[in-house]
Each structure stands twice: as structure tokens, then as C-alpha cells.
Amino acid sequence: MTYLIKGAQPYGGDAADILVKGGRIAAIGDSLSATGAEVVDAAGLIALPGLVDLHTHLREPGREDAETVETGSRAAALGGFTAVHAMANTDPVADTAGVVEQVWRLGEQAGLVDVVPVGAVTVGLRGERLAELGAMADSAARVRVFSDDGHCVADPALMRRALEYVKAFDGVVAQHAEEPRLTVGAQMHEGDRSARLGLTGWPAAAEEAIIARDVLLAGHVGARLHVCHVSTAGSVEILRWAKSRGVQVTAEVTPHHLLLTDACAESYDPVFKVNPPLRTDADVEAVRLGLADGTIDAVATDHAPHAVEDKESEWAQARPGMLGLEQALSIVVETMVETGLLDWRGVADRMSVRPAVIARLDGLGRRSHGRPLAPGEPANLLLLDARSRATVDPATLASRSRNSPYAGRELPGRVVATFLRGVPTVLDGKATR
Amino acid sequence: MKRHLLESADLDRSDATLVLDTAAQIDQALAGREVKKLPTLRGRTVVNLFYEDSTRTRISFELAAKRLSADVINFSARGSSVSKGESLKDTALTLEAMGSDAIVVRHAASGAPHRLAKWVRGSVVNAGDGTHEHPTQALLDAYTIRRRLGRLEGVRVAIVGDVLHSRVARSNVWLLHTLGAEVTVVAPPTLLPVGVDTWPVEVGYDLDAVLPKADVVMMLRVQAERMNASYFPSVREYSRRYGLDARRMGTLGDDAIVMHPGPMNRGMEIAAEVADSVRSTIVEQVGNGVSVRMAVLYLLLGGSPQ
Amino acid sequence: MASSPEPARNSASGALLSSADVARVVDRMAHQLIERAAALDPGAPDGGLASLVLIGIPTRGAPLARRLAARILAFSGTPVDVGTADITLYRDDLRLRGVRALEPTVLPDAGIDDRLVVLVDDVLFSGRSVRAALDALRDLGRPRSVQLAVLVDRGHRELPIRADFVGKNVPTSRTQQVKVHLAEVDGVDEVLVTEGQNP
């Protein structure tokens, strides 16, 4: 199928036509025409490369009542994503080649985004011994990102070995930075509000201590380290220092940490319970600036669907996590673009190019992402109506779960279309399958 | 008054004073009477929904409701549908479907009463939620202070002990501040929350320095589970530095009173001769608790148009 | 009870009863109480006043009861016991009226058992306050008899209750409001009739 996208603005620049043919961008230019092509009117829409999420919980296998690879893929496509990384904390845990290949196959069957499995660092996420990282890397899923996300690889010796070991296949360890002894029973950011609300505090130092330790280890062994969901101003400082020293460290921030603060906990509504927790205004400001100056490389959703019963409860009993795929781009528009901190090329860089590079998806193979919008490149792209504003209604989300912290909030930006290798997964704002 | 009593941080000065004044009138109306019962809440149903064992608080609420002629249902989580995994929400909706007008809830999770208040139409009274608040305890403490000292404005109150984990401390800090008292919290730094500097209190680590200036000393219970969690080196050291013994009591002003929300660890945070002294209001607090809870139930349920 | 068909009007001076009117009415009621006490307890050395207890219903019944006691003392030379009974917690219309601050309930040291209790209120209207007061009295003790004294009876009873001592009968329409002001509470003695939307 051939598509002629008329009048889109690549990277928010001058309007141009984009001809999509054979899964690739055939041409970009003025007044293109192609016989038999389906025309997509994109006047006023911004074209960006398809987004890449480094951090997605798809819940399959194990909690198909909360999300499946298919429903999560649909949510991702609607959010403008063409690739998502499925976290390993499923049941069973994705700590073997068998499980990662199963997730990979489910993603292929859904066919809405490239589902890239993340492998567990340690067996069963238990932090005791390494999982078969090489077997997962060599599997059909070609795992390059390894993470015990949800748990910190707390043992420093084990972390060192993991960092070293994945060098053999250019992998990266994505660390959930949380010193477990400092966060026993933790419910929210430790500070003024936790003191008042009587919820056990999750100190910023518990995140920063692990990041500091791990950048030193990564520098020492010359390995790549990726830091998941950076949430504190202190973490940004440490990352800035480590990068200035040449440590191969990358980092991500979630949409919710760019927008929301611990004030949300005052309602005791667990839809705002997340790990790491929502932080202070000063932290939000610091992670925005860190993302703007590149200290933080990527926006990653940490999309964490939960069944109603896991959220409609007391705060302490509720599971941590919130939805993110369908609103991620809108929140980046609100917090980074409308504030002047990032331009559209910056958005493409932080949400597509850099995450693809971190995950080594930027090569020339079939699953190539984060490539520029240019003739000859794979046609992974999205069209965004940046001027549209809409109020989030969780009931209308494609995710199987409803735990959106943005319910009732008006946000800018609407993904009108998403193309995966030249095939629309979203058209007119609706999933095509 | 609002429809619920979820936290004393919610109470403004006039609300709090109304509760105390109402309790005083109820006390006076019932004083010396043979029939300690009022028909006020006849036909209303109050549910005591207790997820934590607390016999004294439950009995106090039960007595308060019964003296106002409400029907009382005691629902203890143990041995009920809750122990079979029923959620708080389902339990609350079930109780309401059975016709409850108010739910008095005690729960180990901070904020559980706030969640309940979102789900039910009736009133919710917080009878202690996790390490958050215990507003009726603070109200009865304020009532006790006012009765003993005749005022709250300018009264200097020292709250001593495990402030970090204490819902009694939190409720008292906000309420006493609202009512014009000057509060000092005294504890080892490990048992004060990060962020205590934003509270409207003085913070002290040295009990001996605070006592001579205090009109009220409120001792907090030290939970057994803190004793082995490195919050302090040993029970003996805690007791030596932060326990109220006879010698320390001797440094108090002539009219100063000693309070404790109970249950006490005699010999740990409070010495037996202090607990039993004339300064101690500990038994009085229990009696005042019933009057204050009657006032709360009357004010929440008495006139609420359903 | 005599009642004219025409609703009451305030006089040219603006009040239905002026300060002087109130004083005159209170004096007359005091005399009636002295007579009633003597009639109920013939031959008693103190004219039966020892067994009399005036119980005021807050807010304005309480000062009214104290004034009656003061006038009885002035006329007879005998002090009589006075108390107050807040009836809020006994009302059957709390749900409609909403909660209000409570006022004191104070009984004389000798109590009310086996005595002549006279409930004192400012206005008698539906009779519901009196019903609540009777319930409260039942919990407070066992009087020999209970009677009712009101400054103003404005009619429109909803219960089978009538006053034994009435300062002034005031025919009203349901929509009118009768306001008794007493110096102890309001700084001035007067009774006003106003046109209100709700009875």
C-alpha cells in the first residue's frame, strides 16, 4: 500500500508531502503525487519519527486482566509509539529465552508496535544470581536491555557483574535505582507531605545513592548503564557529573515525573501511588531541565496498568504504577514544548532517537527505529495535532486498565496517525486494528 | 461541621471549639444523672468498623453512640468477611446497604477513612488511621487540658516520644495549634519525621530543658516493634533520656499536668508513680473520651439532612 | 384563651410589647405562680413556694425563669429554686433544623423529685419544644407535677399541649414570626411580630 501524506510539517518545520511506499519513506517534498496512493490530509499536523518507549509494563503473561500485549500495543500506537520495551516483571518472569520469545511473538501477532522484550537481570528478579542473559540476547527476541525493574539490583557485586557481562553483546543494564533498606514500607516521597499524611517516606537519597554507586561501577568497568525513571533533582546532578566524567550512562524520566508532584498524595487516592514516588516541585523543575539539556536522555512511560481492585483500596494496600502510553506525548508537549524547553526536534530526539540508540534499535535491520524522517528510511512516524486539547477520560483509553492519573485533566496534543513500517496503526485518531 | 471527621487538620477553630463546648454541655447535662441516656440519635445506626484491635477506643465510641440512643454494630475485621479477602470498599458498601448512618473506622493504613468517605453517603469518623491521625483523641486531650487548666490559648504543651509513628501526636499538633496552644515536640531525632520543621511546633531533643516550661506533658506510647529497629540503642537508654520519672516530674511547674493516650508502658516512657500521681489525667482522659465522642456523633449525625 | 381573628400588629412604637409591657407581664405571671403554689400546697408555711422549681428552656426561657424567681422573691419574700434544661438533644426535628450549639442544663441542688416543676419558655408555638422538655424532665427526675409558663402564646399548636401561665396571647398567621428579645440575651426587652416567609 502506498500513502501520500499531504501537507505535514516534519519536526514542526515547513509543510511538505511525505510519500510512503513499500514500508519506507520514498520521498519528502512539495506537491508530490503518486497514482493509486491513499491520500492522508495532514495539513497543520506535525510529523515526528515513531516514538520508542524504553519502559512499558504489558503484564502478559500473568496479569492479562490488567493488560495484554495486544491491548498495550494498541495503547502504544494511539500514543504515537512504534516500539515499546516490555518489562520483565511478568509471571512467569522474563528471565529465560523462552519467556522473552513468547512476548516477542505475541507482539508480532498484535502487529501494532514492535514489542521488544526486556530480560530480567537476575533469576526471578530475586537479586541473587544472574539470569541467562546471553541466551536471551541470542534468542529471536534479540534482547539488549536487561532490567529487574520493580526491584533494584541492590547487591553491588552482582550489579558489577551484570554491567560487565552484557558488554559481550552490547547490552545495557537498566537499573531501578532504589536502595531497599532505605525504602522498607515506603509509600510516597519523604518530606513535608509524608510527615503530615503519615505515609512512610521514600527518601530521595535512596534513589541517588544507588545511581551514585552504579555510575562509579559503570565507569570502573567501562560498561553501559541506563537509569530508569529518574525522579529527583539530586539524581540529575549525579548524572550530570557522571556524564562530564565520560561515564557511559543514560537515563530516562517518566511523563508523570515531569508533571505531577507529591501534592497528589493528599487525596490518598492510590491512582497517584507510583514507584519511584511523585516528588516535589523542585524535583519536577530539575528533571525538566535535565531532559532539556540532555542530562536525561529519554522520556519513558513506565506504563503500569493495574486492575481496578489493585487500585480501589487503601493507599498502602494499592500497587504502585500508573498508565502512560496514551498521554506521554501530550505531557511532553505541555511540560517541555509549551514551556519552551524543547523544540520538536528535541522531542523527536528524547522520545525516539535516543531511546532507540540506547536499546540498539537504530541499526538497519527490520526493527529499525529512531531513524530520521528522510527518504529511504523506514516509514515509522506519527502525525500530531499539537493545537488540539482534550480532557482525559480513562473510560475511553485503549488500555485494559483505568489507572490514569490524568483523569479529568485537559492536555494538549492528539495523535492523528501512526505508521509502523509504512502501515497505519492509527488513522483519524483511531487504531486500525 | 463537615459531614465527616477525618483529621484534626480539617477542623477550624470554631468547629473545634464547638465540639469541646458541646462535650462540656453534655457532661454537665448528664452529671449525677441516673439515666445516662439521651434520645438524640434514636433510629440512627453507627457502625464501629475496626481493622485493628483497640478495645478502649471501640468501647468509648460504642458507649458514646449508645448514650445517644443510636443502634451500634461492632464490625471487627478479624473472623469476618474481611479476613476472607473482602475489600474495604465492598465492606463499606455492604454496611451502608444495611442502613448505617455513620462508620467509625480504625485502620492500619493511613488515609483509609478518606477513601471510605469517597465511597459512602453517610458520615465517616476516623478512629485512628495508621500513622496519620486520631482526631477524637486530640479532641479529648484538648478537652481535658481545658477542663484542668481552664484554657487552651497560650498553654505550653510538650509532646514527648515517638512522634514519627504517632497518629495521636499528629492530631494533637494540628488541633492544639488551631486552638492557640504552643506545642513543643520532644523526641530522639530518629523518631521525628523528616519535614517536622514545617509543622507549627518547636522541636526539642532534650526533655529536661523543656519540662520546666511546660504546662502539659503528653507522653506517647513507644510501640514494641520500634524497640528492635535501631530507632534508639536500648529501652534503658530511651527510658533514661525520654522517660518521665518522678525526678523529672519534680521539675514541672506547680499546676502542670501529665497526659498519656494509653495504653501505657509503665517503667518505659512513664514511671508508675507519675502515672498514678495527682498531676496525671490519664483516667480522666478516658472518661472525657466518651463525652467528646458523643459531641462528635451528635454534631455529625444530629442534623444531617439525609 | 381569647383570640381575635385579626393577626397581631406591632404598635406605633414598633413593638408588640415594649420593655414596660414585658415587665408588667412578668410581674403578673409571678403573682399567678405564687397563687398556684399556695393552691397546690394549702397550709404550707412558705405558701408552697419551697416545692416550686422554675426550669427555663434555653435560650430565652432561662433568663425569663430567673426574672420570675426574682419577682416572686420580691412579692413574697421567699426564694424559689431555678434551673435550666437544654432540650436540643431531645428534639425530634433535629434532622430538619440542623445541629446547634448546646446550652447548659443546670438543676437546683435539691433536684426536681416530688416538686412542682414549671417549665418556662419565651414563645409557645407548635409545642414541640415543650414535648422535648417533658422528655428531658423524665430523664432528670420525677416531679409531682409539671406545668408550663410562656411569655407569648402565638397559637398553631401541632401537639396537645397548652400553657398554664400565659403572659400574652398573640394571634398570628403561620407566616409571621414572633421574636422575644430579653435584655440578658439581646440587650433590650421587647416582643416583635415580623412578616416572614416561613413559619
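The values are calculated or read from the model by the stated rules, or taken from the named source; none is laboratory data. Note that this is a predicted model, so its numbers are computed, not measured. Here the Cβ positions follow ideal geometry from the backbone for every residue, glycine too, while neighbour counts run over all protein chains shown.
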(request) Could you tell me whether any residue of region B:53-66 is under 19 Å from the mean Cα position of the chain (by Cα), within 12 Å of another protein chain (Cβ to nearest Cβ) and touching a residue at least 40 places away in the same chain (Cβ under 8 Å)? (result) no
(message) Name the residue that is farthest from the chain's Cα centre (by Cα), counting only residues in region C:127-185 that are touching a residue at least 60 places away in the same chain (Cβ under 8 Å) and within 14 Å of chain B (Cβ to nearest Cβ).
(response) C:Leu137
(request) Go through A:Ala168, A:Ala251, A:Ala174, A:Ala223 for me and flag whichever is more than 14 Å from chain B (Cβ to nearest Cβ) and either charged (D, E, K, R) or in a loop (DSSP other than H, G, I, E, B) (or both). (result) A:Ala223
(message) Being free of Cβ contacts under 8 Å to residues at least 60 places away in the same chain, within 14 Å of chain B (Cβ to nearest Cβ) and assigned to a helix (DSSP H, G or I) is the filter here; which residues of region A:292-321 pass it?
(response) A:Glu309
(request) Could you give me the residue pairs with C-beta distances under 7 Å whose first residue belongs to region A:247-271 and is farther than 16 Å from A:Thr232 by Cβ, whose second residue is surrounded by fewer than 21 Cβ atoms within 10 Å (Cβ to Cβ) and among the polar types (S, T, N, Q) wherever it lies, and which are 6+ apart or on separate chains? (result) A:Pro270/A:Ser313
(request) For B:Ser171, work out the one condition from (1) away from every other protein chain (no Cβ under 13 Å); (2) outside any loop (DSSP other than H, G, I, E, B); (3) of a type in the set (Ser, Thr, Tyr) it doesn't fulfil. (result) (1)
(message) Going residue by residue through region B:138-152, is there one that turns out to be out of contact with any strand residue (DSSP E or B) (no Cβ under 7 Å at 6 or more places or on another chain), crowded, with 24+ Cβ neighbours inside 10 Å and under 30 Å from B:Ser230 (Cα atoms)?
(response) yes
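For every residue, the table says whether it meets (1) more than 9 Å from chain A (Cβ to nearest Cβ); (2) more than 15 Å from the chain's Cα centre (by Cα); (3) touching a residue at least 24 places away in the same chain (Cβ under 8 Å).
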position: B:Thr91; (1), (2), (3): yes, yes, yes
position: B:Ser100; (1), (2), (3): yes, yes, yes
position: B:His134; (1), (2), (3): yes, no, yes
position: B:Asp141; (1), (2), (3): yes, no, yes
position: B:Asp197; (1), (2), (3): no, yes, no
(message) Could you tell me how many of the residues in region B:258-305 are free of Cβ contacts under 8 Å to residues at least 24 places away in the same chain, within 14 Å of chain C (Cβ to nearest Cβ) and polar (S, T, N, Q)?
(response) 0
(message) Just to be sure before I move on: is A:Gly324 closer than 30 Å to A:Phe272 by Cβ, in contact with a His (Cβ under 6 Å, 6 or more places away or on another chain) and touching a residue at least 60 places away in the same chain (Cβ under 8 Å) in the structure I sent?
(response) yes
(message) Considering only residues that are crowded, with 21+ Cβ neighbours inside 10 Å and either more than 7 Å from chain B (Cβ to nearest Cβ) or of a type in the set (Val, Ile, Thr) (or both), which ones fall in region A:197-212?
(response) A:Trp202, A:Ala204, A:Ala206, A:Glu207, A:Glu208, A:Ile210, A:Ile211
(request) Select from region B:83-108 the residues that are surrounded by 24 or more Cβ atoms within 10 Å (Cβ to Cβ) and more than 27 Å from B:Arg42 (Cβ to Cβ) and list them in ascending order. (result) B:His107
(request) Please enumerate the residues belonging to region A:29-52 that are buried (at least 18 other Cβ atoms within 10 Å of the Cβ) and part of a strand (DSSP E or B). (result) A:Val40, A:Ile46, A:Ala47, A:Leu48, A:Pro49, A:Leu51, A:Val52
(message) Considering only residues that are at pLDDT below 95 and aliphatic (A, V, I, L, M), which ones fall in region B:228-271?
(response) B:Ala229, B:Val235, B:Met264, B:Met268
(message) Please count how many residues of region A:218-253 are polar (S, T, N, Q) and farther than 22 Å from A:Leu197 by Cβ.
(response) 4
(message) Just to be sure I understand, how many residues within region B:6-36 are touching an Asp or Glu at 6+ places or on another chain (Cβ under 7 Å) and at the interface with chain C (Cβ under 9 Å from one of its Cβ atoms)?
(response) 4
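Taking the stated definitions as given, is C:Val117 β-branched (Val, Ile, Thr), under 27 Å from B:Ala24 (Cα atoms), more than 8 Å from chain B (Cβ to nearest Cβ) and part of a helix (DSSP H, G or I)?
Spelling it out, it is not the case that C:Val117 is β-branched (Val, Ile, Thr), under 27 Å from B:Ala24 (Cα atoms), more than 8 Å from chain B (Cβ to nearest Cβ) and part of a helix (DSSP H, G or I).
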(message) I need a count of the residues in region C:76-93 that are within 17 Å of C:Leu116 (Cβ to Cβ) and assigned to a helix (DSSP H, G or I).
(response) 1
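Going by the structure shown, is C:Leu124 touching a residue at least 60 places away in the same chain (Cβ under 8 Å), more than 14 Å from chain B (Cβ to nearest Cβ) and in contact with a Gly (Cβ under 9 Å, 6 or more places away or on another chain)?
Taking the combined requirement at face value, the residue does not satisfy it.
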